[in-house]
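Taking it in order: structure first as structure tokens, then the write-up.
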Amino acid sequence: MNDDQELIPIEQHTLNFYGKPIIVVRLPDGRPGVVLRFLCENLHIDTNAQVQRVQRSEAMAEDLFFTRVETSGGAQRMATLVLRSTAYWFATIDTRRMEKDDPRRLAIVQYQREAVDVLYTWAAAPQAREAPSTKLVPSEPFVELIRPAAEASLAEWHEYYVRMAAVLEWQMEVEAWHEGIEDRLEGLEAITGLIPEILERLPAPIITPAHQHKVKYYVSQLSQATGQHSVTIYSALYTAFNVPRYQELLEAEWEQIERWLQSQLERKR
């Protein structure tokens, strides 16, 4: 994470969780993120302390960014955690030293159990169009995830949300792949529409090598029958079909060419 870098999200939304706001953004690379300040305020824990804790964590530090967040007081630079690490961050908030009926403890447990579902639901919603992915998308379906029981351990909840993140990333890649295919099909349709014009501009096919040999055969026979030099016969052929040399005679006119050569030969016999 570069503390001096400030990312500008492509999307920003405010989610309502039990009457309190959670600001979510989508980073320039399409990954969903959660602004830490509002989570910390809702949970009555110190934002700066949590940012520092994330920065010290080898598992989460790479997923911490500073983004430009639009607020009622104008744009502000705020710490934002990529969604896949948010579940882990929730799970690592220690509530063991809090009283069992402490409102902060109850709120943290509520967020650990329910807030991430809300965040992932938002992340799976339609998003701003991204550049088509160049990666191959796995075709195998993911195993259906089973939500842990309410009394499950934090490790089980963490594993559940990590797997959910993998499913969402797969869905995003499939969506981007589909969009890429649509773009390619649109481009293919445009090219296909130009084919008639391209064909019109292409030169007409010339006679095949086999027909070229046949022309030379007829000219040789004419030269023997008439005593004329082959150059004279070729010249008459070029004039009759308006070409500079016999190799450029058109294949589409081959029947006419052959009839002309045969008629010249029959006249001299």
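For the range 199-239, enumerate the residues that are touching a residue at least 40 places away in the same chain (Cβ under 8 Å) and assigned to a helix (DSSP H, G or I). Let's see the steps before the verdict.
Pass one, the range 199-239, residues touching a residue at least 40 places away in the same chain (Cβ under 8 Å): 204-208, 211, 214-215, 218-219, 221-222, 225-226.
His211, Lys214, Val215, Tyr218, Val219, Gln221, Leu222, Ala225, Thr226, listed by residue number.
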Filtered residue count, the range 224-242, keeping only those that are surrounded by 17 or more Cβ atoms within 10 Å (Cβ to Cβ) and of a type outside the set (Phe, Trp, Tyr): 2
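Of the residues that make up the range 52-65, is at least one more than 14 Å from His13 (Cα to Cα), assigned to a strand (DSSP E or B) and either over 26 Å from the mean Cα position of the chain (by Cα) or assigned by TED's automatic domain parsing to the domain that holds Trp157 (or both)?
To start, the set of residues in the range 52-65 that are more than 14 Å from His13 (Cα to Cα) comprises 52-65.
If we keep only those that are assigned to a strand (DSSP E or B) too, we end up with 64-65.
Restricting the remaining residues to those that are either over 26 Å from the mean Cα position of the chain (by Cα) or assigned by TED's automatic domain parsing to the domain that holds Trp157 (or both) gives 64-65.
Taking every residue of the range 52-65 in turn, at least one turns out to be more than 14 Å from His13 (Cα to Cα), assigned to a strand (DSSP E or B) and either over 26 Å from the mean Cα position of the chain (by Cα) or assigned by TED's automatic domain parsing to the domain that holds Trp157 (or both).
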Pairs where the first residue, in the range 158-170, is assigned by TED's automatic domain parsing to the domain that holds Ala123 and the second is of a type in the set (Ser, Thr, Tyr) and assigned to a helix (DSSP H, G or I), C-beta under 8 Å, 6+ apart: His158/Tyr88; Tyr161/Tyr88; Tyr161/Tyr120; Val162/Tyr88; Met164/Tyr120; Ala165/Tyr120; Leu168/Tyr120
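Every residue, every condition in (1) over 17 Å from Ala123 (Cα atoms); (2) touching a Gly at 6+ places or on another chain (Cβ under 7 Å), yes or no:
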| position | (1), (2) |
| --- | --- |
| Gln52 | yes, no |
| Ser57 | yes, no |
| Met60 | yes, no |
| Asp63 | no, no |
| Ser72 | yes, no |
| Gln76 | yes, no |
| Thr80 | no, yes |
| Leu83 | no, yes |
| Ala87 | no, no |
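For Ala75, state whether it is in contact with a Lys or Arg (Cβ under 6 Å, 6 or more places away or on another chain), in the same structural domain as Ala125 (by TED's automatic domain parsing) and loosely packed, with under 15 Cβ neighbours inside 10 Å. Write out each step before concluding.
Details: in contact with a Lys or Arg (Cβ under 6 Å, 6 or more places away or on another chain): yes; in the same structural domain as Ala125 (by TED's automatic domain parsing): yes; loosely packed, with under 15 Cβ neighbours inside 10 Å: yes.
Yes: the conditions hold for Ala75.
Among the residues of the range 232-249, which ones are under 17 Å from Ala210 (Cβ atoms) and at pLDDT 90 or above?
If the condition is that a residue be under 17 Å from Ala210 (Cβ atoms) and at pLDDT 90 or above, then Leu249 is the only one that fits.
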Condition broken by Ala49, with the remaining ones in (1) surrounded by fewer than 11 Cβ atoms within 10 Å (Cβ to Cβ); (2) in a loop (DSSP other than H, G, I, E, B) satisfied: (2)
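Looking at the range 186-205, can you tell me whether even one residue there is surrounded by 14 or more Cβ atoms within 10 Å (Cβ to Cβ) and at pLDDT 75 or above? Full working, then the answer.
Here is the first cut: in the range 186-205, the residues surrounded by 14 or more Cβ atoms within 10 Å (Cβ to Cβ) are none.
Among the residues of the range 186-205, not one is surrounded by 14 or more Cβ atoms within 10 Å (Cβ to Cβ) and at pLDDT 75 or above, which makes the answer no.
Could you tell me whether Arg259 is free of Cβ contacts under 8 Å to residues at least 24 places away in the same chain and closer than 13 Å to Ile207 by Cα? Walk me through how you get there before you give the answer.
Values: free of Cβ contacts under 8 Å to residues at least 24 places away in the same chain: yes; closer than 13 Å to Ile207 by Cα: no.
No: the conditions fail for Arg259.
The values are calculated or read from the model by the stated rules, or taken from the named source; none is laboratory data. In this text, all values refer to a predicted model and were calculated from it rather than measured experimentally. Note that each Cβ is placed from the backbone with ideal geometry, even for glycine, and that neighbours are counted across all protein chains shown.
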